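Notes follow once the structure below has been shown.
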Amino acid sequence: MKDITRRGFLKAVLGALGLTGAKAVLPAMGAAGPANSSQADDTRTDMASTAEFFESRQHLIDLYRSRPRSMPMQAATADEFNAYAKAARAKFGELIGLDRMTPTAANPRRTGAVDRGDHVREHWLIDTEPDVAMPFYILRPKKVKGRAAAVICCHGHGPGKDAVAGLPDRPGAGNVAEGAFGVQFAKAGLLAFCPDARGFGERREADARKDPTQSSCTFLQMVGLPLGISVIGMHAFDLVRLIDHMQARDDVRGDRIGCVGFSGGGWQSLALGAVDDRPACVVVSSYIHPVAAPLLFRKHNCACNMVPHLWEFFDLGDLAALIAPRPLLIQTGDSDSLSGPNGVADVQPQVDIARRAYQLLGCQDRIAFDVFHGGHRWDAAKALPWVGRWLTA
Ligand SMILES: [Zn+2]
């Protein structure tokens, strides 16, 4: 028997009934939109290619659009913003599961050191929760003596801290997109703390050890979510504990600790800055986008980006606003496909939300938006002087 598609069958039936304009009828019968839908409506265009299946995604999109977020940053005065920030910080911490974490003594131990010419790469471990150890490098510039400003360098997907610390130790090796930015900050005279986030590098679970670029973030998300703990909650909690440790050290200036993150590391620096007021400056590179972009526009974002119920309360610009009045640099490439279907135009409204908080507090000079030429990659040109300005001036 000749195969016939569902759409073809419906067309044949409508034709036999003498009906025309089948394309106008099909969507009302539950099929997806026609192929000539507006190209501007990405969601409809995508679904046309799967017209033979009975998808649920459109229902979820409609559900999302029917429920505007309930905690947008809409303060009109500094006092209103401060009250908002207090409530929003608490809600975000609750959503990512911070109250379900179990702090434990850090028990710091140095476990190795490698001379890298202008800096020494030290390997350290601290405990963050019972039976949870966080390895990190300290890239210590040889020219730095005594207490010094420090910057936490958060990696994205890939091999973890090695990508920001310049490993493997061969010219041109390593993760090109991340550009070994930890080394860049060390060369600029800062102590660069480069941790592995849970599920990456030395913290991979048994599911992801064939290749150093594999990660266990999706696995940990599946294990954590039933417990009410998302991966970004684990990451943010570990960074809070890292700052606790840094402030207890005798080589770090506790009031001069910055946090820089690229891509998924940008999610980490954003989350840390939102829940902890100790980072003295924050850089969120190549991460700010409409929080619903992965749903609405079918861009691939790893499951570790997700937080249950987050969209019911916040967009990413609301979270960035919580960093005010501390210096915040937001970066994005002008052709970064992860920003959203409209590129920089999708990032700008999020930046505007955050900028409004800085305006209310009278410190507009403490927020900057750097749009650089390129795709999803680290760009040091504005980030290095920005961090230097606030931590070492
Ligand atoms: Zn992931």
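Cβ separations smaller than 6 Å between residues 6+ apart or across chains give the following pairs from the range 374-393 residues that are under 22 Å from ALA177 (Cα atoms) to residues that are among the aliphatic types (A, V, I, L, M) and part of a helix (DSSP H, G or I): HIS376/LEU338. Inside the range 235-258, residues that are within 16 Å of the ligand (Cβ to nearest atom) and either more than 28 Å from CYS304 (Cβ to Cβ) or in contact with an Asp or Glu (Cβ under 9 Å, 6 or more places away or on another chain) (or both) make up a count of 2. Against the condition touching a residue at least 24 places away in the same chain (Cβ under 8 Å), more than 15 Å from TYR287 (Cβ to Cβ) and assigned to a strand (DSSP E or B), how does ALA368 come out, does it pass? Yes, satisfied. Among the residues that make up the range 129-144, is at least one of them closer than 30 Å to SER70 by Cα and surrounded by 14 or more Cβ atoms within 10 Å (Cβ to Cβ)? Scanning the range 129-144 turns up no residue that is closer than 30 Å to SER70 by Cα and surrounded by 14 or more Cβ atoms within 10 Å (Cβ to Cβ).
The helices (runs of 4 or more DSSP H) found wholly in the range 36-117 and carrying at least 1 residues that are under 30 Å from ALA324 (Cβ atoms) and either at pLDDT 95 or above or among the acidic types (Asp, Glu) (or both) occupy 78-96. Within the range 89-115, residues that are in the same structural domain as LEU322 (by TED's automatic domain parsing) have Cβ atoms under 6 Å from residues that are loosely packed, with under 13 Cβ neighbours inside 10 Å and assigned to a strand (DSSP E or B) in no pair, counting only partners at least 6 apart in sequence or on another chain. So for the range 175-192 (the condition being among the aliphatic types (A, V, I, L, M), in a loop (DSSP other than H, G, I, E, B), within 16 Å of the ligand (Cβ to nearest atom) and modelled with pLDDT under 95), does at least one residue qualify? So far as the range 175-192 goes, yes, one or more of its residues are among the aliphatic types (A, V, I, L, M), in a loop (DSSP other than H, G, I, E, B), within 16 Å of the ligand (Cβ to nearest atom) and modelled with pLDDT under 95. Close Cβ contacts (under 9 Å, 6 or more residues apart or on different chains) running from residues in the range 303-327 that are part of a helix (DSSP H, G or I) to residues that are of a type in the set (S, T, N, Q) and within 16 Å of the ligand (Cβ to nearest atom) comprise ALA303/THR218; ALA303/GLN221; CYS304/SER215; CYS304/THR218; CYS304/GLN221; CYS304/SER230; LEU310/SER230.
The values are calculated or read from the model by the stated rules, or taken from the named source; none is laboratory data. Every value quoted in this text rests on a predicted model; they were computed, and no experiment measured them. All Cβ positions, glycine included, derive from the backbone under ideal geometry; neighbour counts span all protein chains shown.
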